[in-house]
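Shown next, in structure tokens, is the structure this report addresses.
The values are calculated or read from the model by the stated rules, or taken from the named source; none is laboratory data. The structure presented is a predicted model; accordingly, all values stated were derived computationally and were not measured. Backbone-built Cβ (ideal geometry, glycine too); neighbour counts: all protein chains shown.
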Amino acid sequence: MQLRPGDIVVSTSAKAGTTWMQRILSLLVYGTGPLPDVLSKVSPWIDCRCTDPLDEVVARIDAQEHRRFLKTHLPVDALPFDEKVRYIVVGRDTRDVFMSLWNHYRNYTEVMYEATAAGDPPGGPMPRCPDDLRWLWTQWLTRSSFPWESDGWPFWSHHYHAAAWWEFRALENILLVHYNDLQADLEGEMRRVADHVGIDVAEESWPALVAAAGFEAMKSDGARLLGPMDKFAGGPDSFLYQGSNGRWRSALTPVDLGLYDAVASDLDPALRNWLEHGRKGQ
């Protein structure tokens, strides 16, 4: 696809707040009225190889006349970087990402497994979700899906994605937003996003926009925003599961958390602090 000046690219590791940021941008672009299509078509995931054919996705994006906002799970070194494009990177605590990823993975249906296999993943077909959460945790932190990563199996590395963007965080067209900060001050973070992408919002419109971007509002409107989602058992209700943090505290043992500390110790300490705490940790 051809990037246009003013395009917005949302880049996240999986389960770090991607859909939440897409919804925020849809509200800034369209307001609280109905979208012209489900969110995945209004804001396509361009690098996904297990949905619609690439030429159809590109044609759909090229035909869009609204302010375009695209989704990617790729780090900056895997993207065509453009100074005229606005990038929004969403971060989240590694442990919270894993708990959300666990819920996401275990709700895969046969449709999803067939779709990922048809996408010809480099490491072979996606393995079935294991029954043991703690076993998956050890694999996710110690095995890689690609030679240039040290963790992330069977998806991709949360830490590599974050570290790649972190190096360029001072660039004017990159904005880092954290899941914790969205939870703590949704309106404040939405205003930061609007300023970053240059969308003016009438002051009287903010309360309705913020209300529509809340997790409960998104969950109640999930069927309209996301469509039937036959790739996930339970559809939108399981995809938009809880939107909470801290569930790892009762799911992971001290040994599991010690493994995390060992892996996270290789990160830039400031990056680790941001991933664990958000802007308040800076």
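The residues of the range 166-187 that are assigned to a helix (DSSP H, G or I), touching a residue at least 40 places away in the same chain (Cβ under 8 Å) and over 12 Å from GLY91 (Cα atoms), listed by number, are GLN183, ALA184. Here the range 258-280 is the region considered, the condition is being under 16 Å from ASP96 (Cβ atoms) and loosely packed, with under 14 Cβ neighbours inside 10 Å, and the residue that is modelled with the lowest pLDDT is LYS280. Residues considered: GLU65, GLU56. Of these, the only one that is in a loop (DSSP other than H, G, I, E, B), surrounded by fewer than 20 Cβ atoms within 10 Å (Cβ to Cβ) and acidic (Asp, Glu) is GLU65. Could you tell me how many of the residues in the range 202-213 are exposed (fewer than 15 other Cβ atoms within 10 Å of the Cβ) and small (Gly, Ala, Ser)? Going through the range 202-213 one residue at a time, the tally reaches 4. Being farther than 22 Å from LEU275 by Cβ and under 20 Å from the mean Cα position of the chain (by Cα) is not true of MET99. Residues of the range 72-129 that are touching a Gly at 6+ places or on another chain (Cβ under 9 Å), loosely packed, with under 15 Cβ neighbours inside 10 Å and not charged (D, E, K, R): ALA117 alone. With respect to the conditions (1) within 23 Å of MET21 (Cβ to Cβ); (2) crowded, with 18+ Cβ neighbours inside 10 Å, TRP153 falls short on a single one, namely (1).
Within the range 134-165, being in contact (Cβ under 8 Å) with a residue 60 or more places away in the chain, in a helix (DSSP H, G or I) and over 12 Å from PRO75 (Cα atoms) holds for ARG134, TRP137, THR138, LEU141, THR142.
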